[in-house]
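See structure below.
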Amino acid sequence: MKILLCGGAGYVGSHMAKWLAGRGFEITVLDNLSTGHREAVQWGSFVEADLLATDSLERVFGSRRFDAVMHFCARSLVGESVSKPYDYYLNNVSGTLNLLQAMQRYGVNRLVFSSTAAVFGHPTSALIDEGHPKAPINPYGMSKLMVEHMLADAAAAYGLRSVALRYFNAAGASETAEIGEAHQPETHLIPNVLKSVLGQGPGLKVFGDDYPTPDGTCVRDYVHVDDLAQAHELALAYMEQHEGAHAFNLGSGQGFSVREVIAAAEQVTGQRVPYEMTPRRAGDPAVLVASSERARRELGWQPKYNDLRSIIESAWRWHANPKF
Ligand code: UFG
């Protein structure tokens, strides 16, 4: 099966490339390298192209045939989306529209789309399932929700089959550590905790200890990037059996506080994690934990990383010796 991985030079996209290559898929990575890394493209062939440049999309679709597209390209920083909303609507919504139109022109009718927990906004229940109200509190979440709506309309009008996978907190790295999380600047908790151990970066700040949680710090649901990759492969099979636009929440169903992440990182590294307690970061909900029952039941998803420690261990192998 031939798959186009848009954004395959990024964090989740490059782990997807490795996963699919290991299972005999033929993959083409498309990336504009604005945030992705050329060094992360180690599987399949690579084309430098931009979803906002329709001529470069024509080149890609005109020169090869694809059975399905997986779409990871996005601006994905919540805070930045608040200060630069046009960038987010342009890249995430217009860019995706260009991709969908190119797929339509070339008869590619299957899409797996990277969505996010940010489509839900502030949770109204302890576990967030697919039926939870969608009320994004920032342009990033709104841009992803707009695409989910586009996919539903495309299913009705053109018969596009799609699966949107709403990641909670993607974390960890490939077991063999040739790829891993390398954002610039890094805003995510686990990389920042590990960089603090290594004495890299500006030093870890913990954003608030006055949340209504057991220890006062925010609670999140960390899910290993290879478990996300597994769900994408299952989504391909799901689309063979199911018409229409579908969405699944992907998380472990277990929440960990920032303090718990720091304690687990201290166990894994055997070192103290230096940090400074600071006021809350704008836009952080206190608790975000997924119910992924539907993904387990309908996709047959079986995450392998069921504890925070093993997720952090894999991230540590990468951060202790990053290749790019
Ligand atoms: N945090 C810190 N210090 C840091 C980084 C993070 O204390 O240096 C805290 C945050 O305040 C938050 C938790 O650690 O409470 C996790 O923060 P991340 O930035 O790692 O992840 P988020 O939960 O903010 O973001 C995730 C996804 C986004 C998605 C968002 C939905 O990465 O794509 O959930 O709210 F939009």
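Couple of notes before you dig in:
- Label zone at T187 (point 7 Å along Cα-to-Cβ), backbone N below 17 Å, the stretch 107-127: 115-122
- Under 24 Å from K84, Cα to Cα: lysines that are on another chain or at least 8 residues apart: K134, K144, K205
- Sorted into 20 angstrom bins from 0, the C-alpha pair distances of the chain split as 33, 60, 7 percent.
- Within the stretch 91-220, the ratio Rg/Rh, alpha carbon atoms throughout and Rh by Kirkwood, equals 1.04.
- When only the Cβ of Lys, Arg, Asp and Glu is charged (+1, +1, -1, -1), the dipole of the chain relative to its Cα centre reaches about 260 debye.
- Between H246, V219, G300, the Cα set farthest toward the positive side of the dipole of the stretch 202-324 (charges on each charged residue's Cβ, about the Cα centre) is that of V219.
- Those lysines that a straight Cα-Cα span of less than 24 Å connects to K323, excepting residues fewer than 8 apart in one chain: K18, K195
- Amide H contacts of R166 (H built 1.01 Å from N, under 5 Å, at least 5 apart or other chain): S115, F248, N249, L250
- Pairwise FRET efficiency - K323 versus R65, Cβ, R0 = 30 Å, nearest 0.05: 0.40
- If the convex hull is drawn through the Cα atoms of the stretch 1-76, its volume per residue in Å³: 74
- Relative contact order (%) - criterion: Cα under 8 Å, at least six apart; region: the chain: 19
- The distance between label points at L97 and H149 comes to 1.2 nm (points 7 Å beyond Cα on the Cα→Cβ vector).
Any read-out appearing in this document is the output of simple, stated calculations on the displayed coordinates, not a laboratory observation. This structure is a prediction, so every number in the text was calculated from the model and none was measured. We place every Cβ from the backbone using ideal geometry, glycine too, and count neighbours over all the protein chains shown.
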